[in-house]
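What follows is one structure encoded as structure tokens, with my remarks underneath.
The values are calculated or read from the model by the stated rules, or taken from the named source; none is laboratory data. Quantities reported herein were computed from a predicted structural model and do not represent experimental measurements. Here the Cβ positions follow ideal geometry from the backbone for every residue, glycine too, while neighbour counts run over all protein chains shown.
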Amino acid sequence: MAIAGSAPETPPPAAPGLVGRAPAYAWWVCAVLCFLSINAFIDRQIINLLVGPLKDDLGLSDVQISLLQGFAFALFHALAAIPLGRMADRYSRKLIIIYGLVFWTAACAGSGLVSTFMMLFVMRAMIGAGEATLSPSGYSLLADYFPRNQLGRAISLFLGSGFVGSGIALILGGAVLGHVVTSEGSIVLPLVGEVRAWQAAFLIASLPGVLCVLLMLTVREPVRTSFGRMVDANLPMPSLREVLAFMVRQRRAMGAIFIGFSLLAAMQFGLGAWTPEFFIRIHGWSRSDIGYAYGLNFVIVGTLGVVVGGWLSDWLATRGYRDANLRTGFIAGLCAFPFVVGFPLMPTGQLSFLLLIPATFFGTMPFGAGTAALPLLTPNRMRAVVVALYLIFANLIGQGLGPFSVAALTDFVFGDPGMLWLSISVAGGLLLALAVTIIGIGLPAISASLREAEAGERP
């Protein structure tokens, strides 16, 4: 099945415009994309509960684990994002997502069949490349289905579903590992045979990919729009140089989003990668216990944080704040700081987890808000490419720097695995402080750029 052109497959809804109500089908598309995001984050994040088994079976250090958690995924996610973003601006976003889904699902299953660091690194890289199809095409689809006053909510749900996936990954990993404790360290799976605990977790996590493909087949390709105006599908594609030139002209606004929100992501991914191991290593919790507890925290509190962030952004926008998206990130970052710095310093696991709850809530609030600003700033024909460029920062800085910064402090600065608590506190505090500063500086620039975009001054 060849990738079709950008013309709609069936008569789509009318252009959504700046203000209005999205049709029911638009919310169905949002729900399908959310389900795919849940699946993607399960495949991406389940490794975070497998740190101990991987270290034991493969003899890995904390830094090697961080490379599997972040760098292997993030680098190839970033490398694939640019060409895939270009394709999403021209070809069927639906089919691009389907092909990527099949690819990353196969790689997740492959992660459960390998037995060396390098082969697992390759599988993680393939998952990253495959999942790079989802965000640029997904954001672009939502921007064409939803009016301006509901777009923040839709994108926040899309992003919030990732935290549901992260939580399910932890719960699933905890269930698998809890079973293995009573099964002498291995599980017998149909068609595969006997596998280690971490291998079984990867194999089981890959199964929902089949359902995701079937759901994605129900999505129609919409008419491309820009602030409610139809976009001619036959217009020539802008070159990468033109896209970069546009971003340079908007460098203050783009810089605040790209760098500021990527640093917020680095804080959250760093916490997500090492918090389970923190409770296991420092407070003696079992892997199944922290898997269930932290997983439910992500599913309930993390999702609530992203949804509330989207609601706050929309609420601020309806009251005339053009910088509503960045303002939401600024407020959330300030509120998160004392809890992110403080929870690893608590003397008991119960107190640490109590502070982790608001840290998760405020830490996840900015995710939808920052990304929702990009389609509003960017002409339609450049939209997916700009989102793809953002993903380079969000993944290399967020998923690459976040887990690595904690592991590097533990291995190279403190030189003691038992100092993981201090590594999390220091890394989280520094990343948050930098993010809030950069976003605060960018607030006036985002207002000016959106005023220009809404006036229709951009081609």
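Go through (1) part of a helix (DSSP H, G or I); (2) surrounded by fewer than 24 Cβ atoms within 10 Å (Cβ to Cβ); (3) among the aliphatic types (A, V, I, L, M) for Ile155 and report which single condition fails.
(2)
Return only the number of the condition from (1) closer than 30 Å to Tyr145 by Cα; (2) more than 24 Å from the chain's Cα centre (by Cα); (3) hydroxyl-bearing (Ser, Thr, Tyr); (4) surrounded by 24 or more Cβ atoms within 10 Å (Cβ to Cβ) that Thr364 does not satisfy.
So the condition that Thr364 fails would be (2).
Please work out which one of (1) over 24 Å from Arg86 (Cβ atoms); (2) modelled with pLDDT under 90; (3) in contact with a Gly (Cβ under 8 Å, 6 or more places away or on another chain); (4) not aliphatic (A, V, I, L, M) is the condition Ser115 fails and give its number.
All conditions are met except number (3).
Note down all Cβ pairs under 8 Å where the first residue falls in segment 110-121 and is closer than 14 Å to Phe202 by Cα, the second is in a helix (DSSP H, G or I) and small (Gly, Ala, Ser), and they're at least six residues apart or on different chains.
If the second residue must be in a helix (DSSP H, G or I) and small (Gly, Ala, Ser), the pairs left are Gly112/Ala200; Gly112/Ala201; Leu120/Ser111; Phe121/Ala72.
Report, by residue number, each residue of segment 169-222 that is surrounded by fewer than 14 Cβ atoms within 10 Å (Cβ to Cβ) and modelled with pLDDT of 85 or more.
Leu207, Val210, Leu211, Leu214, Leu217, Thr218
Take Ala372 and tell me if it is modelled with pLDDT under 85, over 23 Å from Pro276 (Cβ atoms), out of contact with any Cys (no Cβ under 8 Å at 6 or more places or on another chain) and assigned to a helix (DSSP H, G or I). Step through it out loud before you land on a result.
On the way: modelled with pLDDT under 85: yes; over 23 Å from Pro276 (Cβ atoms): yes; out of contact with any Cys (no Cβ under 8 Å at 6 or more places or on another chain): yes; assigned to a helix (DSSP H, G or I): yes.
For Ala372, the condition - modelled with pLDDT under 85, over 23 Å from Pro276 (Cβ atoms), out of contact with any Cys (no Cβ under 8 Å at 6 or more places or on another chain) and assigned to a helix (DSSP H, G or I) - is met.
Go over the candidates Ile257, Ile280 one by one and state the one that is over 25 Å from Asp89 (Cα atoms), touching a Ser or Thr at 6+ places or on another chain (Cβ under 9 Å) and assigned to a helix (DSSP H, G or I). Walk me through it before giving the result.
Values: Ile257 fails: over 25 Å from Asp89 (Cα atoms).
Of Ile257, Ile280, the one residue that is over 25 Å from Asp89 (Cα atoms), touching a Ser or Thr at 6+ places or on another chain (Cβ under 9 Å) and assigned to a helix (DSSP H, G or I) is Ile280.
Determine whether segment 142-152 contains at least one residue that is within 19 Å of Val213 (Cα to Cα), crowded, with 24+ Cβ neighbours inside 10 Å and at pLDDT below 95.
Quick first cut of segment 142-152, residues within 19 Å of Val213 (Cα to Cα) only: 142.
Narrowing the set further to residues that are crowded, with 24+ Cβ neighbours inside 10 Å leaves 142.
From what's left, at pLDDT below 95: 142.
Yes, because at least one residue in segment 142-152 is within 19 Å of Val213 (Cα to Cα), crowded, with 24+ Cβ neighbours inside 10 Å and at pLDDT below 95.
Being surrounded by fewer than 24 Cβ atoms within 10 Å (Cβ to Cβ) and over 15 Å from Ser166 (Cβ atoms) narrows it down to one of Gly329, Gly309, Gly260, Gly284, so name that one. Steps first, please.
On the way: Gly329 fails: surrounded by fewer than 24 Cβ atoms within 10 Å (Cβ to Cβ); Gly309 fails: surrounded by fewer than 24 Cβ atoms within 10 Å (Cβ to Cβ); Gly260 fails: surrounded by fewer than 24 Cβ atoms within 10 Å (Cβ to Cβ).
Within the list Gly329, Gly309, Gly260, Gly284, the selection yields Gly284.
Output the residues belonging to segment 287-306 that are charged (D, E, K, R) and crowded, with 24+ Cβ neighbours inside 10 Å.
Initial filter on segment 287-306 (charged (D, E, K, R)): 287, 289.
Passing the criteria: only Arg287.
Could you tell me whether Phe337 is touching a helix residue (DSSP H, G or I) at 6+ places or on another chain (Cβ under 8 Å) and surrounded by fewer than 21 Cβ atoms within 10 Å (Cβ to Cβ)? Walk me through how you get there before you give the answer.
Details: touching a helix residue (DSSP H, G or I) at 6+ places or on another chain (Cβ under 8 Å): yes; surrounded by fewer than 21 Cβ atoms within 10 Å (Cβ to Cβ): yes.
Answer is yes for this residue.
What's the number of the only condition in (1) out of contact with any Leu (no Cβ under 9 Å at 6 or more places or on another chain); (2) under 24 Å from Val406 (Cα atoms); (3) not small (Gly, Ala, Ser) that Phe258 fails to meet?
Unmet condition: (1).
Could you pull out every one of the helices (runs of 4 or more DSSP H) wholly within segment 20-134 that has 1 or more residues that are surrounded by fewer than 24 Cβ atoms within 10 Å (Cβ to Cβ) and hydroxyl-bearing (Ser, Thr, Tyr)? Walk me through it before giving the result.
Values: elements: 24-45, 51-58, 62-66, 72-88, 93-111, 117-131.
Output list reads 24-45, 93-111.
Residues Ser140, Ser135, Ser115: which one is out of contact with any Ser or Thr (no Cβ under 9 Å at 6 or more places or on another chain), closer than 23 Å to Ile47 by Cβ and among the polar types (S, T, N, Q)?
Result: Ser115 is the single residue among Ser140, Ser135, Ser115 that is out of contact with any Ser or Thr (no Cβ under 9 Å at 6 or more places or on another chain), closer than 23 Å to Ile47 by Cβ and among the polar types (S, T, N, Q).
Identify all residues within segment 62-104 that are within 18 Å of the chain's Cα centre (by Cα) and small (Gly, Ala, Ser); write none if there are none.
Hits for segment 62-104 are Ser66, Gly70, Ala72, Ala74, Ala78, Ala80, Ala81, Gly85, Gly100.
Would you check which residues across segment 421-442 are within 15 Å of Phe258 (Cβ to Cβ), surrounded by 18 or more Cβ atoms within 10 Å (Cβ to Cβ) and more than 20 Å from the chain's Cα centre (by Cα) and list them?
Of everything in segment 421-442, those that are within 15 Å of Phe258 (Cβ to Cβ), surrounded by 18 or more Cβ atoms within 10 Å (Cβ to Cβ) and more than 20 Å from the chain's Cα centre (by Cα) turn out to be Ile438, Gly442.
Every residue, every condition in (1) of a type outside the set (D, E, K, R); (2) outside any helix (DSSP H, G or I); (3) within 20 Å of Leu334 (Cα to Cα); (4) touching a residue at least 40 places away in the same chain (Cβ under 8 Å), yes or no:
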residue: Phe362; (1), (2), (3), (4): yes, no, yes, yes
residue: Asn395; (1), (2), (3), (4): yes, no, no, yes
residue: Leu401; (1), (2), (3), (4): yes, no, no, yes
residue: Ala408; (1), (2), (3), (4): yes, no, no, yes
residue: Leu430; (1), (2), (3), (4): yes, no, yes, no
residue: Val436; (1), (2), (3), (4): yes, no, yes, yes
residue: Ser447; (1), (2), (3), (4): yes, no, no, yes
residue: Glu452; (1), (2), (3), (4): no, no, no, no
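Out of curiosity, is Met346 modelled with pLDDT of 95 or more, touching a Ser or Thr at 6+ places or on another chain (Cβ under 6 Å) and either buried (at least 19 other Cβ atoms within 10 Å of the Cβ) or more than 30 Å from Arg21 (Cα to Cα) (or both)?
yes
Tell me which residues, restricted to segment 235-257, are surrounded by 21 or more Cβ atoms within 10 Å (Cβ to Cβ), at pLDDT 90 or above and among the β-branched types (Val, Ile, Thr).
Ile257
Would you pick out the residues in segment 398-420 that are farther than 17 Å from Phe279 by Cβ, crowded, with 24+ Cβ neighbours inside 10 Å and of a type in the set (A, V, I, L, M)?
Within segment 398-420, Leu401 is the sole residue that qualifies.
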